[in-house]
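Enquirer: Here it is: the structure, laid out below.
Bear in mind that the values in this text are calculations on the coordinates, not laboratory data. Computed from a prediction, not measured in an experiment: that's the story for all the values here. Cβ coordinates were reconstructed from backbone atoms using ideal geometry, including for glycine residues, and neighbour counts include every protein chain displayed.
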Amino acid sequence: MTLHFQREVEKLKKMLLNEAAFVEDCLKKAVKALKDRDEVLATEVKNSDNQIDRMEIELEEEALKILALHQPVAIDLRFLVSVIKINNDLERIGDLTANLASRTKNMTAFSHLTIAADIFRMAEIALQMLKDSLDALVKMDAHLAEKVCAADEQVDDLHKEMFAWVQAHITADVYHIDFYLLHLGVSRYLERIADHATNIAEDVLYMITGEISRHRSPDDTL
């Protein structure tokens, strides 16, 4: 690895970590806005999506420039491919977080009604999954990445249970159908955020091991 290449890779790492920190902070704010029914904070989160888009484009352009100029191979190529994929997942989490903030703004009109506890449980798990996937990236920690992949099933199960919850509450309270239907959107966004956090963890495993871990059996181990 030449000194020039090494400097460009370090710059790329810094860009990725800055984007990751910003996306994680936006998700934390979105969850807080949902808990507090805070329309102002939800609007702030929604407006942050443009900045995430700019960061994603700048990082991709930088990564492609490095690929074109240096034509890396082996572990260096693996790193750059993983960075591009993680960058895309972070941008998608940013989009979903903005959508979550939009649903939160709609929910503020129903301040007298209680949001399902499982929504906050999903949010808690999804937030932890994102944090752990990013920590795994920083530390190159395969075991932490595996932990993220294992947690995804919990969010999937809660998302499935939300359909039954919504159906039951719509049947019992036909006057607030819109409020209960909003739960399905929030649940879906959190489930997709968890999926993208899992993608990041799988790309970290690829960086470390060189093996593609997507679609593995849950019983497989490193």
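Enquirer: Using only Cα atoms, find the angle between the long axis of helix 74-107 and the longest principal axis of the chain, and express it within 0 to 90 degrees, rounded to the nearest 10.
Expert: Here the helix axis deviates by roughly 20 degrees.
Enquirer: Through the Karplus equation 6.51 cos²θ - 1.76 cosθ + 1.60, θ set to phi - 60°, convert the phi angles of the stretch 7-14 into ³J(HN,Hα) values in whole Hz; use x for Gly and Pro.
Expert: These are the phi-based 3J(HN,Hα) values: 5, 5, 5, 5, 5, 5, 4, 4 Hz.
Enquirer: Spelling out what I want: for every residue of the stretch 57-64, take phi, set θ = phi - 60°, compute 6.51 cos²θ - 1.76 cosθ + 1.60 (Karplus), and round to whole Hz; glycine and proline get x.
Expert: Working through the residues one at a time gives 5, 4, 5, 5, 4, 5, 5, 5 Hz.
Enquirer: Could you work out which residue, out of 158, 59, 127, moves most in a Gaussian network model of the chain, that is, has the largest mean-square fluctuation with Cα springs under 10 Å?
Expert: Answer for the Gaussian network model of the chain: 158.
Enquirer: Based on other C-beta atoms within 10 Å, arrange 7, 188 from fewest to most. Present the calculation step by step, with values, prior to reporting the outcome.
Expert: Working: 7 10, 188 16.
Exposure proxy ranking, most exposed first: 7, 188.
Enquirer: Sticking with this one: Using only the Cα atoms of the chain, construct the convex hull and provide its projected area averaged over every direction, in square nanometres to one decimal.
Expert: Convex hull of Cα atoms, orientation-averaged projection: 12.5 nm².
Enquirer: Taking the number of other C-beta atoms within 10 Å as the exposure measure, put 104, 43, 171 in order starting with the fewest.
Expert: With the fewest neighbours first, 104, 43, 171 line up as 171, 43, 104.
Enquirer: GNM on the chain, C-alpha springs below 10 Å: top fluctuator among 95, 152, 178?
Expert: 178
Enquirer: Would you kindly calculate the translational diffusion coefficient of the stretch 1-106, applying Stokes-Einstein with the Kirkwood radius from alpha carbon pairs, for 4 °C and a viscosity of 1.567 mPa s, and quote it in µm² s⁻¹ without decimals?
Expert: My calculation gives 88 µm²/s for D.
Enquirer: Quick one: helix 142-172 against the long Cα principal axis of the chain, what's the angle to the nearest 10°, folded into 0 to 90?
Expert: 20 degrees
Enquirer: Which distance in nm do the two modelled labels at residue 114 and residue 40 give, with both placed 7 Å along the Cα-to-Cβ direction?
Expert: 2.8 nm
Enquirer: Next question, about the same structure. For the pairs 13/147; 35/147; 14/46; 65/139; 14/35, note any where the Cα-Cα span goes beyond 28 Å.
Expert: Violating the 28 Å Cα-Cα cut-off are 14/35.
Enquirer: Percent of Cα-Cα pairs per 5 Å bin, from 0 to the last occupied bin, for the stretch 62-155, please list those.
Expert: Pairs per bin, as whole percents: 3, 10, 14, 18, 16, 13, 10, 7, 4, 3, 2, 1.
Enquirer: While we're looking at this one, here's another question. If N is the number of residues in the stretch 108-178, what value comes out of its Cα radius of gyration divided by 2.2 N^0.38 Å?
Expert: 1.48
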